[in-house]
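Engineer: This is the structure, below, for whatever I ask next.
The values are calculated or read from the model by the stated rules, or taken from the named source; none is laboratory data. Note that the coordinates shown come from a computational prediction; the quantities given were computed from them, not determined experimentally. Every residue, glycine among them, receives a Cβ derived from its backbone with ideal geometry; neighbour counts consider all protein chains shown.
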Amino acid sequence: MDIATVIKKLKENDLRIKVVIPTLSALGIFKVEDWHGRNEQGKDVYFAYQDPFGDYKHCCCFIKSGDITKSGKTDIKKMEPQLKEAVVTKFVNPIDNKTETKTEEIYILCNGQINKDAKEYIFQMISAHSMPNIRIIDGDKLVKIIMEKIIKPFNEKYGNGKQYIFSVDSYSDFCKSVISASGL
């Protein structure tokens, strides 16, 4: 099976733990943490990165398995309370463990597709509620990031003739090798 087919079949927990968290770490993202659970406040994964001026941007991923639409079982409107909670709920800054902060960027991520109506609704919701920067990452974009920013560069630079072939079960260890090899 190709990587897109494998990723599309994952349930939310496996998508988060076995793919999203290792991917963020392999990309050199700072302070990647799994926040999924009862007290997540809409934030499945927290991470931070430094902007060009050295300030940390506090980000979260809102992760769903499957497609996101504007109707039916996967209706974005049903997810709106969680998204709002992810944005408005302050939390202790994981970098200094002292100050309170809030989400500055939110990534809506799924392993399926996010249809046009759902995307339009998301952007309307953002402008109506002064939400922070938002990014939409569907399954195709996630696969492209994994292939073009992690697997392909690693294989070219460190593969020594061997090519890593994506497997959900080995991907986390592969990402640790990427981090180690690149000195992140």
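Engineer: With the checklist (1) in contact with a strand residue (DSSP E or B) (Cβ under 6 Å, 6 or more places away or on another chain); (2) within 17 Å of ARG16 (Cβ to Cβ); (3) not in a strand (DSSP E or B) in hand, flag the one item ALA118 doesn't pass.
Structural biologist: (2)
Engineer: Sort out which residues of the stretch 13-32 are at pLDDT below 95 and in contact with a strand residue (DSSP E or B) (Cβ under 8 Å, 6 or more places away or on another chain), and write them in order of number.
Structural biologist: ILE29, PHE30, LYS31
Engineer: Which one of these does GLY42 not meet: (1) part of a strand (DSSP E or B); (2) of a type outside the set (Phe, Trp, Tyr); (3) in contact (Cβ under 8 Å) with a residue 40 or more places away in the chain?
Structural biologist: For GLY42, the exception is condition (1).
Engineer: Does at least one position in the stretch 87-96 carry a residue that is modelled with pLDDT under 90, farther than 17 Å from ILE136 by Cα, of a type outside the set (Gly, Ala, Ser) and not in a helix (DSSP H, G or I)?
Structural biologist: yes
Engineer: Among the residues that make up the stretch 66-80, is at least one of them surrounded by fewer than 15 Cβ atoms within 10 Å (Cβ to Cβ) and either closer than 26 Å to ILE150 by Cα or in contact with a Gly (Cβ under 7 Å, 6 or more places away or on another chain) (or both)?
Structural biologist: Within the stretch 66-80, none of the residues are surrounded by fewer than 15 Cβ atoms within 10 Å (Cβ to Cβ) and either closer than 26 Å to ILE150 by Cα or in contact with a Gly (Cβ under 7 Å, 6 or more places away or on another chain) (or both).
Engineer: Tell me, please, whether a residue that is surrounded by 16 or more Cβ atoms within 10 Å (Cβ to Cβ), in contact with an Asp or Glu (Cβ under 6 Å, 6 or more places away or on another chain) and either among the small types (Gly, Ala, Ser) or in contact (Cβ under 8 Å) with a residue 24 or more places away in the chain (or both) can be found in the stretch 10-19.
Structural biologist: Among the residues of the stretch 10-19, at least one is surrounded by 16 or more Cβ atoms within 10 Å (Cβ to Cβ), in contact with an Asp or Glu (Cβ under 6 Å, 6 or more places away or on another chain) and either among the small types (Gly, Ala, Ser) or in contact (Cβ under 8 Å) with a residue 24 or more places away in the chain (or both), which makes the answer yes.
Engineer: Can you report the number of residues in the stretch 20-47 which are over 18 Å from ILE108 (Cβ atoms) and either aromatic (Phe, Trp, Tyr) or surrounded by 21 or more Cβ atoms within 10 Å (Cβ to Cβ) (or both)?
Structural biologist: 3
Engineer: Same structure, new question: Among what's in the stretch 129-184 and is of a type in the set (A, V, I, L, M) and part of a loop (DSSP other than H, G, I, E, B), pick the residue that is farthest from the chain's Cα centre (by Cα).
Structural biologist: Of everything passing the filter in the stretch 129-184, ILE165 is farthest from the chain's Cα centre (by Cα).
Engineer: Condition (residue is among the aromatic types (Phe, Trp, Tyr), without any contact (Cβ under 8 Å) to a residue 60 or more places away in the chain, out of contact with any Asp or Glu (no Cβ under 6 Å at 6 or more places or on another chain) and part of a loop (DSSP other than H, G, I, E, B)) applied to the stretch 28-38: is it met by at least one residue?
Structural biologist: yes
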